[in-house]
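The structure under discussion appears below in the form of structure tokens.
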């Protein structure tokens, strides 16, 4: 029987953690990685909605992501759109529909969700964006099921080229993509 696993992705945590390490994630490669490595049949991406990013959202949807939007607020010039509750809620709404969950975050606010899924054999993997900077709460759970996006840089880095063998770091992003690749 083929696995039917769903990925639940904290896009802000993933994007910022990867960029803090000096690289840009190729979301198309990332989705294919989740499908091939973890048998993800659906990939939910949780993100704050900003009108100006509509082309990016469309590109992500064309890649096959199911986007769950959170309305954003602007306070003192800073846009806020925390999607934690939406990710937890959607994971629980869908629980009967998937075999196991792939949780992508380093945010300790998801500790109770990860622990709950793990103790019920519903956690496939906790994929943490930065192995050098993530919640210490996760050290207590998901033993043997924690992996790190850092270790996947060579496979998943956006290079601005469709060629899989190209590693031209300073190249300009493809014109059909938003500035800096898919920037979340």
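Side notes on the structure shown:
- The stretch 43-60 residues that are at positive phi and assigned to a strand (DSSP E or B), paired with ones that are buried (at least 19 other Cβ atoms within 10 Å of the Cβ) and at pLDDT 95 or above (beta carbon under 9 Å, 6 or more apart): none
- Within the stretch 61-79, considering residues that are surrounded by fewer than 12 Cβ atoms within 10 Å (Cβ to Cβ) and outside any loop (DSSP other than H, G, I, E, B), the one farthest from the chain's Cα centre (by Cα): 75
- When the stretch 1-42 is filtered for residues that are over 20 Å from residue 98 (Cα atoms) and either more than 12 Å from the chain's Cα centre (by Cα) or part of a strand (DSSP E or B) (or both), the ones remaining, listed by number, are 19, 20, 21, 22, 23, 24, 25.
- Total residues in the stretch 48-60, condition surrounded by 13 or more Cβ atoms within 10 Å (Cβ to Cβ) and modelled with pLDDT under 95: 4
- Residue, farthest from residue 106 (Cα to Cα), within the stretch 11-31, restricted to residues that are crowded, with 19+ Cβ neighbours inside 10 Å and touching a strand residue (DSSP E or B) at 6+ places or on another chain (Cβ under 6 Å): 31
- Any chance residue 40 is more than 23 Å from residue 80 (Cβ to Cβ) and out of contact with any strand residue (DSSP E or B) (no Cβ under 9 Å at 6 or more places or on another chain): no
The values are calculated or read from the model by the stated rules, or taken from the named source; none is laboratory data. Everything numeric in this text was worked out from a predicted model, so none of it was measured. All Cβ positions, even for glycine, are placed from backbone atoms using ideal geometry, and neighbour counts span all protein chains on display.
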